[in-house]
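Visitor: This is the structure I want to talk about, given as structure tokens.
Bear in mind these aren't lab numbers, they're just calculated from the coordinates by the rules spelled out. All values reported here derive from a predicted model rather than from experimental measurement. Because the Cβ atoms are built from the backbone with ideal geometry, glycine has one as well, and the counts that use them run over all protein chains shown.
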């Protein structure tokens, strides 16, 4: 099937369907690596993970082994984790602190600025051997926004701020919750899911599956009682979904059950009631009631295209998924918190981080089973299409509708055709919008 025929996007009739070969085809998987992961900005890590000079963290991004480190000068740098001598990994641990990083194979040594500082028996090399030519290589593009570091292997990629588009507003809402900045708590959870990576992008934004798939969690929250407004989870307003440009999308709900920065709930214990009220008042004084409401009284699931999810709900979870095969991905999650948060509220966040989104929590096993079930179902190739039409003709789709998934898929479809931009909203683009999208082929 031709790339352009993989998606049916009938905006007039409100029909949106995705051909299931997008989830199973090895050829399309390889094309994604070239046309998406080699060309977009991809998340690497948070600045707080390398706070002190010499701190380093190892990651795999778009199939490449990388590490990022803070040098003596305080600057964060990103390096390809491959020795310029014969290719062995420089960093063989996921994290650490070192003034010098030494390759175990032949003991070439590098400082955290990436400079080659040690070569055993250097006298054996000729007079034209130049250490300056053999330092650690960096990705073509590295940039950060509000402490979140991204890399791109495309030298011509647009600047990061432009790429983030409307997602910046929601990153700002997260970061501005703190007076002293955000930090990633030590530790992470990591697991593999035998499903296509795009299924997790869909699932992370999908409010439609919450009650049927996560019944155990819904019943658990209900058993704890209601918050001061009398709302239960089932009675929550429907929320809104938005497509933010460049494939980034968000689902936003009113946070009535379990948001540490907002309303007290039995989940947090009586000791958290007053500190949480004080935090909310501080936000009102600093940012005004309207913006404080968005920070404290709403929760959001944010997708930064293509493969980063930030769940700003009970806990703030950074979830990154690395595609390994058409039917396999590795998922890593970290917990982000305000630096100044009290031990009581921090403990509640950490408990929620593991209780709901941990590998053995309420939600993650349910979701893994659902995604792997979908992947198994795709073997029934006679059923060719998946439908994501819900809410397509609504003027204001909610989180149980599927605008957020359609925004993701429209960007994916454009990228796979060699285009850098797509019109990601429902409805027909205006003439001005259509003209803006012309000439965006890479």
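Visitor: Note down the relative contact order for the chain as a percent, whole number, built from C-alpha pairs under 8 angstrom at least six residues apart. Display every interim value, and only then the final one.
Guide: Details: 854 pairs, mean separation 87.9, N = 442.
With pairs under 8 Å counted, the relative contact order is 20 percent.
Visitor: Along each principal axis of its Cα atoms, how long is region 42-152 end to end? Whole angstroms, biggest number first, please.
Guide: Cα extents, longest axis first: 46, 26, 23 Å.
Visitor: Let me ask another. At residue 162 and residue 328, where each label point lies 7 Å from the Cα along Cα→Cβ, what is the point-to-point distance in nanometres?
Guide: Between residue 162 and residue 328, the simple spin-label model gives 3.8 nm.
Visitor: Once you keep just the Cα pairs under 8 angstrom separated by 6 or more residues, what percentage relative contact order results for region 283-380? Intermediate results must be reported in sequence, preceding the final value.
Guide: Details: 96 pairs, mean separation 14.0, N = 98.
The value is 14 percent.
Visitor: A follow-up question, please. Once you place label points 7 Å from the Cα toward the Cβ at residue 2 and residue 339, how far apart are they in nm?
Guide: It is 5.5 nm.
Visitor: Related question: Going by the alpha-carbon gyration tensor, a ≥ b ≥ c the square roots of its eigenvalues, is the chain rounded (a/c under 1.5) or, if a/c is not under 1.5, prolate (a/b greater than b/c) versus oblate?
Guide: On the way: a/c = 1.83, a/b = 1.24, b/c = 1.48.
It comes out oblate by the Cα gyration axes.
Visitor: Now for a separate question. Which of 40, 156 has the fewest other C-beta atoms within 10 Å, and how do the rest follow up to the most?
Guide: Working: 40 24, 156 10.
In order of increasing Cβ crowding within 10 Å: 156, 40.
Visitor: In what sequence do 76, 50 fall when counting other Cβ within 10 Å, fewest first?
Guide: Result, fewest neighbours first: 76, 50.
Visitor: For the chain, modelled as a Gaussian network with Cα springs under 10 Å, which listed residue fluctuates most, 243, 25, 395?
Guide: Result: 395 has the largest fluctuation of those listed.
Visitor: Just 415, 132, 311 to compare: in a GNM of the chain, with alpha carbon springs under 10 Å, which one fluctuates most?
Guide: Of 415, 132, 311, the Gaussian network model singles out 132 as fluctuating most.
Visitor: Now for a separate question. Under 10 Å, Cα contacts only: if you run a Gaussian network model on the chain, which one of 212, 306, 127 comes out with the highest mean-square fluctuation?
Guide: Of 212, 306, 127, the most mobile in the Gaussian network model is 127.
Visitor: Over region 42-152, what relative contact order in percent results from Cα pairs under 8 Å that are six or more residues apart?
Guide: The value is 26 percent.
Visitor: Ordered by packing density, taken as the mean number of other Cβ atoms within 10 Å over each peptide's residues, highest first, how do 397-404, 274-281, 41-48 rank?
Guide: Details: 397-404: 24.1, 274-281: 16.0, 41-48: 21.9.
Result, highest mean Cβ count within 10 Å first: 397-404, 41-48, 274-281.
Visitor: For region 292-440, what does the alpha-carbon gyration tensor say about shape, rounded, prolate or oblate, given a ≥ b ≥ c as the root eigenvalues, a/c under 1.5 as rounded, and a/b over b/c as prolate?
Guide: oblate
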